[in-house]
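The values are calculated or read from the model by the stated rules, or taken from the named source; none is laboratory data. Please read all numbers here as calculations on a predicted model, not as lab measurements. Here the Cβ positions follow ideal geometry from the backbone for every residue, glycine too, while neighbour counts run over all protein chains shown. We work out accessible area using only protein heavy atoms, side chains counted, and drop any ligands, DNA or RNA first. Shrake-Rupley method; radii C 1.70, N 1.55, O 1.52, S 1.80 Å.
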Amino acid sequence: MVNKLNLDESCKPVFIRNDGDQFIISSGLGLNSTSEIGARIMLGINNGLSILEIKNELLETYDVEEKDLCLDMIDFLISLNELQIISDSKAKFYINELRLV
Amino acid sequence: MNEYIKKPYYVDLSVTPFCNLKCPFCSAGAAGRMNDSKKAPFTLSKLEDIFNQLDENDVMRVSLEGGEPFTRSDIIDVLNLADKHNFWYMINTNATLITEELAKKISKTNVDKLCISIDGPEKIHDLSRGSVGSFNKMKEAVGYLNKYNVSMDGIITLTNINIDYLFETLELIKNMGISNVAIMLLASVGKAFCNKHSVEVNYNDWKKVYLKLTDLKKEDKLPVNVNIVPTGEATHPWMLYLPLHEEHREDDLKLLLSPSAISTINNNRFACTAGTDNFAIDGYGNVYGCSLMYTEKDLIAGNVYENSITDIWNNSSIFKKLREIEIDDVKGDCAECEFLSVCRGGCRVCSYAVSKDLYSSDVRCPKCERSL
């Protein structure tokens with residue numbers, strides 16, 4: 001099933017599909033990632049979770065160090081911003097929260 | 001069989017095979033006027049059937065193209081139909097038929113963006129598009145689309161006709177209010193194959209332009225966001241890798257490559273993704289691995305008037321063949337090339353157009369001794 005996500009009203013929607021063994025993420029600029037963590041971040045944002053709530057969910061799911069996860073999440077949020085999927089202000093807000101961890 | 005996505009993720013759909021222009025490099029070999037075909041263009045009910053099947057297959061992205069989509073008098077009805085479905089869609093157009101009234105109607109649909117062909121300044125664009133006046137019509141349409149806030153990208157098809165005007169064209173596009181540009185590298189198929197001596201870009205000319213583009217990108221001096229779209233959509237295609245390698249600048253590769261580099265195929269496969277995560281439907285309902293195959297009738301995987309899309313995707317012998325090809329199977333100069341594992345073989349249909357063999361080398365590459 002294709003989920004259409006509107007992460008940010010001022011930006012482009014993205015589409016996520018779960019093919020069982022991988023997530024496929026598509027936006028106006030093509031296929032951007034097959035990252036499961038990336039897909040979970042986008043679904044979390046779309047469902048109105050805070051970035052720290054998303055981080056905690058990911059920590060429960062994956063065996064990763066919190067610091068490493070935050071760095072990965074920041075990289076991913078920067079990519080979302082570059083792809084015009086989330087706005088500058090939203091990206092900065094999330095990234096600042098993660099940097100405080 | 002090699003790994004492929006169980007369901008296609010994007011589809012190019014030619015809503016009509018007919019076009020009002022005469023581009024000498026048209027990969028679709030678009031027809032100039034209606035013929036006797038009863039299959040073209042698709043009726044709205046047939047399009048609805050196709051859209052339903054795309055939804056059933058969880059297709060995420062659809063590119064509506066032609067021919068020229070706006071030769072359809074019911075194009076707004078087509079967009080309204082597409083709006084009811086789950087996929088994201090865009091339109092590839094020469095924009096010459098878009099009036100202010102149409103622009104206003106387009107703005108009320110959910111189309112994500114229009115990709116407008118802009119090949120150069122007025123005379124170069126008209127030459128490239130085979131029609132005097134096409135530049136001014138396109139420019140007028142861009143004005144209307146801007147007025148109604150329709151999202152647009154520019155597409156430059158790079159040929160021997162316009163390569164000397166590329167940087168002027170980027171400035172021109174910026175001045176038209178468009179901030180994203182895709183530079184499409186020519187595929188030697190369809191009319192481009194027939195006219196290759198007049199349209200194909202010489203490797204050294206391309207290298208010069210590409211290095212300048214890379215330098216400007218590094219210095220943040222490009223007037224617009226530029227994305228280079230190689231034929232074959234390889235991760236490290238030879239046309240992007242080789243010029244940088246020759247100058248010991250491989251690290252610059254990521255500067256102008258699409259962020260959509262795909263990771264759904266294993267490393268021993270050709271970089272070509274035709275029929276592995278996407279397919280294309282021409283204006284007569286024929287299904288191919290990609291839209292560059294439209295003039296290669298031996299590569300038809302099925303037809304939407306005769307088979308379901310699911311059946312074609314799962315059972316087409318052509319698709320199975322495209323999924324089975326591994327780079328170890330390549331014939332000719334590519335087999336001995338030190339860069340084969342990096343570029344993974346180039347565009348399959350460009351090779352096929354020359355040799356009628358999907359396993360042959362991409363002879364457009366300067367590393368191939370055989371030149372055309």
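Of all the helices (runs of 4 or more DSSP H) wholly in region B:315-372, which have at least 2 residues that are open to solvent by 10 Å² or more (accessible area, probe 1.4 Å) and in contact with a Leu (Cβ under 8 Å, 6 or more places away or on another chain)?
Working: elements: B:317-324, B:340-343, B:348-355.
Per the criteria, B:317-324, B:348-355.
B:ARG72 is checked against (1) more than 14 Å from chain A (Cβ to nearest Cβ); (2) open to solvent by 20 Å² or more (accessible area, probe 1.4 Å); (3) free of Cβ contacts under 8 Å to residues at least 60 places away in the same chain; (4) touching a Ser or Thr at 6+ places or on another chain (Cβ under 7 Å) and fails just one. What number does that condition carry?
The one condition B:ARG72 does not meet is (2).
Among the candidates B:LEU127, B:LEU97, B:LEU102, B:LEU81, single out the residue that is within 22 Å of the chain's Cα centre (by Cα) and farther than 23 Å from B:LEU166 by Cβ.
Details: B:LEU127 fails: farther than 23 Å from B:LEU166 by Cβ; B:LEU102 fails: within 22 Å of the chain's Cα centre (by Cα); B:LEU81 fails: within 22 Å of the chain's Cα centre (by Cα).
The conditions single out B:LEU97.
Does B:PHE279 qualify as being in a helix (DSSP H, G or I), of a type in the set (A, V, I, L, M, F, W, C) and closer than 25 Å to B:VAL15 by Cα? Please lay out each step first, then the result.
Values: in a helix (DSSP H, G or I): no; of a type in the set (A, V, I, L, M, F, W, C): yes; closer than 25 Å to B:VAL15 by Cα: yes.
Taking the combined requirement at face value, the residue does not satisfy it.
State which residue pairs qualify: first residue within 14 Å of chain A (Cβ to nearest Cβ) and inside region B:113-129, second residue assigned to a strand (DSSP E or B) and of a type in the set (Asp, Glu) in any location, beta carbons under 8 Å apart, and separation of 6 or more residues or different chains.
Filtered contacts from region B:113-129: B:LYS113/B:ASP153; B:LEU114/B:ASP153; B:CYS115/B:ASP153.
Listed residues A:LEU59, A:LEU52, A:LEU71; which is more than 22 Å from B:HIS85 (Cα to Cα), touching a residue at least 40 places away in the same chain (Cβ under 8 Å) and more than 11 Å from chain B (Cβ to nearest Cβ)?
Numbers: A:LEU59 fails: touching a residue at least 40 places away in the same chain (Cβ under 8 Å); A:LEU71 fails: touching a residue at least 40 places away in the same chain (Cβ under 8 Å).
Of the residues listed, the single one that is more than 22 Å from B:HIS85 (Cα to Cα), touching a residue at least 40 places away in the same chain (Cβ under 8 Å) and more than 11 Å from chain B (Cβ to nearest Cβ) is A:LEU52.
Do any residues in region B:283-302 that are charged (D, E, K, R) have Cβ atoms under 9 Å from those of residues that are at pLDDT below 95, where the two are at least six apart or on different chains, and which pairs are they?
Once the first residue is charged (D, E, K, R) and sits in region B:283-302, its partners that are at pLDDT below 95 give B:GLU296/B:VAL189; B:GLU296/B:GLY190; B:GLU296/B:VAL349; B:GLU296/B:TYR352; B:GLU296/B:ALA353; B:GLU296/B:LYS356; B:ASP298/B:TYR352; B:ASP298/B:LYS356.
For region B:299-314, give me each residue that is surrounded by fewer than 22 Cβ atoms within 10 Å (Cβ to Cβ) and farther than 10 Å from B:ILE281 by Cβ.
Hits for region B:299-314 are B:ILE300, B:TYR305, B:GLU306, B:ASN307, B:SER308, B:THR310, B:ASP311, B:ASN314.
Are there any helices (runs of 4 or more DSSP H) wholly within region B:111-195 with 1 or more residues that are crowded, with 23+ Cβ neighbours inside 10 Å and modelled with pLDDT under 95, and if so which? Break it down stepwise before answering.
Values: elements: B:122-129, B:134-147, B:166-175, B:191-194.
Answer list for region B:111-195: B:191-194.
From the set of residues in region A:1-24 that are without any contact (Cβ under 8 Å) to a residue 12 or more places away in the chain and not in a loop (DSSP other than H, G, I, E, B), which is nearest to A:GLU36 (Cα to Cα)?
Restricting attention to region A:1-24, the residues satisfying the condition of being without any contact (Cβ under 8 Å) to a residue 12 or more places away in the chain are A:4, A:9, A:19-21, A:24.
Add one more test, that the residue is not in a loop (DSSP other than H, G, I, E, B), and what stays is A:4, A:24.
Values: A:LYS4: 16, A:ILE24: 9 Å.
Per the stated criteria, the residue is A:ILE24.
Give the residue, chosen from A:ASN56, A:ASN46, A:ASN6, that is more than 23 Å from A:CYS70 (Cβ to Cβ) and modelled with pLDDT of 80 or more. Step through it out loud before you land on a result.
On the way: A:ASN56 fails: more than 23 Å from A:CYS70 (Cβ to Cβ); A:ASN46 fails: more than 23 Å from A:CYS70 (Cβ to Cβ).
Going through A:ASN56, A:ASN46, A:ASN6 in turn, the sole match is A:ASN6.
Confirm whether A:ILE25 is at pLDDT 85 or above, open to solvent by less than 30 Å² (accessible area, probe 1.4 Å) and either more than 12 Å from chain B (Cβ to nearest Cβ) or under 22 Å from B:TYR10 (Cβ atoms) (or both). Even if it seems obvious, please write down each step before you answer.
Numbers: at pLDDT 85 or above: no; open to solvent by less than 30 Å² (accessible area, probe 1.4 Å): yes; either more than 12 Å from chain B (Cβ to nearest Cβ) or under 22 Å from B:TYR10 (Cβ atoms) (or both): yes.
In short, no.
Condition first: among the hydroxyl-bearing types (Ser, Thr, Tyr) and under 17 Å from A:ILE45 (Cα atoms). Now tell me which residues in region A:62-80 satisfy that.
A:SER79
Please work out which residue is surrounded by the fewest Cβ atoms within 10 Å (Cβ to Cβ), limiting yourself to region A:68-86 and to residues that are at pLDDT 90 or above and more than 11 Å from the chain's Cα centre (by Cα).
Across region A:68-86, the extreme among qualifying residues is A:ASP68.
Being within 30 Å of B:ASN195 (Cα to Cα) and either open to solvent by 30 Å² or more (accessible area, probe 1.4 Å) or out of contact with any strand residue (DSSP E or B) (no Cβ under 6 Å at 6 or more places or on another chain) (or both) is the requirement here; does B:SER107 meet it? Don't jump to the end; show me each part of the working.
Working: within 30 Å of B:ASN195 (Cα to Cα): no; either open to solvent by 30 Å² or more (accessible area, probe 1.4 Å) or out of contact with any strand residue (DSSP E or B) (no Cβ under 6 Å at 6 or more places or on another chain) (or both): yes.
No, not satisfied.
Say whether the condition of being touching a strand residue (DSSP E or B) at 6+ places or on another chain (Cβ under 7 Å), at pLDDT 85 or above and more than 13 Å from every other protein chain (Cβ to nearest Cβ) is met by at least one residue in region A:35-43.
Looking through region A:35-43, at least one residue is touching a strand residue (DSSP E or B) at 6+ places or on another chain (Cβ under 7 Å), at pLDDT 85 or above and more than 13 Å from every other protein chain (Cβ to nearest Cβ).
In region B:75-101, what residues are within 14 Å of chain A (Cβ to nearest Cβ) and hydrophobic (A, V, I, L, M, F, W, C)?
The answer is B:ALA82, B:PHE87, B:TRP88, B:MET90, B:ILE91.
State the number of residues belonging to region B:196-216 that are touching a residue at least 60 places away in the same chain (Cβ under 8 Å) and part of a helix (DSSP H, G or I).
Narrowing region B:196-216 to residues touching a residue at least 60 places away in the same chain (Cβ under 8 Å): B:196, B:198-200, B:203.
Narrowing the set further to residues that are part of a helix (DSSP H, G or I) leaves B:196, B:198-199, B:203.
Number of matching residues: 4.
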